[in-house]
Amino acid sequence: MRTTSPKTGVPRNPVTLMRRVYRYVLPEVRTQLERWRETAERIPDPELRKQAIASMTTKQFHCEGGSVYAAANLSMRHVLLPLIVAFQTISDYLDNLCDRSTSLDPVDFRLLHQSMLDAVNPEAPVQDYYACREERDDGGYLQSLVRTCQSCVCLLPGYEHVQRSVERLVGLYCDLQVYKHIRQDLREGELLAWWERNRSPFPELRWNEFAAATGSTLGVFYLFLTASYEDGVPERSEAIVEAYFPHVCGLHILLDYLIDQEEDTAGGDLNFCSYYDDMGRTVERIAWIVDRARSDIAGLHDASFHRMIIEGLLALYLSDPKVNHQPQVKAISRQLMRGSPMTRLFFWVNSIWIRKKGG
């Protein structure tokens, strides 16, 4: 029985996918992260150093999860893995830096996140991304991450066909990070105004669900994968964006917020799951988004791979140890996992195993 697509070598069942993840993806992701950690440990400014190291310590699974896309084109993993790890590391570092920021200046947050837009534009000059804040000396850490991404996208054969779509998704991501990190009394108003400017294509979404969708990097990683094929881009970039945004991306981040509710409450951080009226409504909306996500990816090239991404997201987040310490979240998790297909249960077991081995 054939287990991979004859054209792209994309794994079509969970066993093949996880074999590649264990053999090729996870070891290289951890090697890449160790290199960036060594660089982060040399950052002169103590606050920047602290947040850079913390982002890799607590969010390693973000890089591991995102790098699954490299398993779909192993012949280009030498480009995709460094690219995905570097880009996700920028995202996680800046999220930590803004969450625990000594600044509440939207201009500062906008300039910091310009690094993500520069990272996906190989012609963009690197900048002083810390120009609007007190902590500025990172020893070139952030610029080095940006340059790594730029050098990698230059090696993707089809990048020119997806660059505009990549920049669109990254631009939305940067907007979110600015609005969600400003003063608490201004956040919701800015997010609602932003939603009003963007809501017309998404009549069935709520504002918090749109905002959550913009916070996902999965659409970007799928565009990177699509650009990696030597024999041409198998999907139109517009089709990829429509298939992943907003429902696959929204599911990703709503699950992330779901398990972080206790942590975000303690830190005074905005959490998009808190805008649902009660547990029942939370389950109802996330389940609806799961159904829409499955429908959206049905027409994609190698749709079976993307169905595994959706089931893997549910398994990865709902098996997180944080769930067991939050009774309401645990109850929601049980409802969402009820009647799960074997694929999701397979990924559930593997998610637990990977966490144990990851330390």
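Key figures
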| item | result |
| --- | --- |
| Qualifying position, being modelled with pLDDT under 95, charged (D, E, K, R), out of contact with any Pro (no Cβ under 7 Å at 6 or more places or on another chain) and more than 22 Å from C273 (Cα to Cα), among E123, E160 | E160 |
| Selection count, the stretch 163-174, where residues are of a type in the set (V, I, T) and either touching a Gly at 6+ places or on another chain (Cβ under 9 Å) or in a loop (DSSP other than H, G, I, E, B) (or both) | 1 |
| Residues (farther than 11 Å from V85 by Cβ, out of contact with any helix residue (DSSP H, G or I) (no Cβ under 7 Å at 6 or more places or on another chain) and buried (at least 16 other Cβ atoms within 10 Å of the Cβ)) located in the stretch 24-46 | D45 |
| Test result for S75, within 30 Å of G312 (Cα to Cα) and over 19 Å from the mean Cα position of the chain (by Cα) | yes |
| Index of the failed condition, L270 passing every other in (1) open to solvent by less than 40 Å² (accessible area, probe 1.4 Å); (2) assigned to a helix (DSSP H, G or I); (3) over 18 Å from S295 (Cβ atoms) | (2) |
| Verdict on Y257 being open to solvent by 10 Å² or more (accessible area, probe 1.4 Å), aromatic (F, W, Y) and in a helix (DSSP H, G or I) | yes |
| Candidates F210, F202, F224, filtered to the one that is modelled with pLDDT of 95 or more, in contact with a helix residue (DSSP H, G or I) (Cβ under 8 Å, 6 or more places away or on another chain) and either among the small types (G, A, S) or not in a helix (DSSP H, G or I) (or both) | F202 |
| The listed residue being within 15 Å of the chain's Cα centre (by Cα) and farther than 28 Å from C154 by Cα, out of T89, T102, T58 | T58 |
| Cβ pairs under 7 Å, 6+ apart, first in the stretch 283-295 and in contact (Cβ under 8 Å) with a residue 12 or more places away in the chain and open to solvent by 30 Å² or more (accessible area, probe 1.4 Å), second in a helix (DSSP H, G or I) and basic (K, R) | R294/R307 |
| Boolean, R187 is surrounded by fewer than 21 Cβ atoms within 10 Å (Cβ to Cβ), part of a helix (DSSP H, G or I) and modelled with pLDDT under 95 | yes |
| Some residue of the stretch 79-95 being in contact (Cβ under 8 Å) with a residue 40 or more places away in the chain and closer than 18 Å to S351 by Cα | no |
| Inter-residue pairs, beta-carbon under 6 Å, first over 19 Å from I259 (Cα atoms) and in the stretch 52-76, second at pLDDT 95 or above and of a type in the set (D, E, K, R), 6+ apart | A70/R77; A71/R20 |
| Some residue of the stretch 91-109 being polar (S, T, N, Q) and under 24 Å from F245 (Cα atoms) | yes |
| Check on G250, open to solvent by less than 20 Å² (accessible area, probe 1.4 Å) and either under 27 Å from D291 (Cβ atoms) or more than 18 Å from the chain's Cα centre (by Cα) (or both) | yes |
| All positions within the stretch 310-335 that are open to solvent by 30 Å² or more (accessible area, probe 1.4 Å) and under 18 Å from the mean Cα position of the chain (by Cα) | L316 |
| Matching entry among R344, R338, R307 (being over 20 Å from S274 (Cα atoms), of a type outside the set (D, E) and open to solvent by less than 60 Å² (accessible area, probe 1.4 Å)) | R344 |
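The values are calculated or read from the model by the stated rules, or taken from the named source; none is laboratory data. Please read these numbers as outputs of a predicted model, since none were measured by experiment. Positions of Cβ are generated from backbone atoms using ideal geometry, with glycine treated the same way; all protein chains shown enter the neighbour counts. All accessible areas refer to the heavy atoms of the entire protein, side chains included, with ligands and DNA or RNA removed. Shrake-Rupley method; radii C 1.70, N 1.55, O 1.52, S 1.80 Å.
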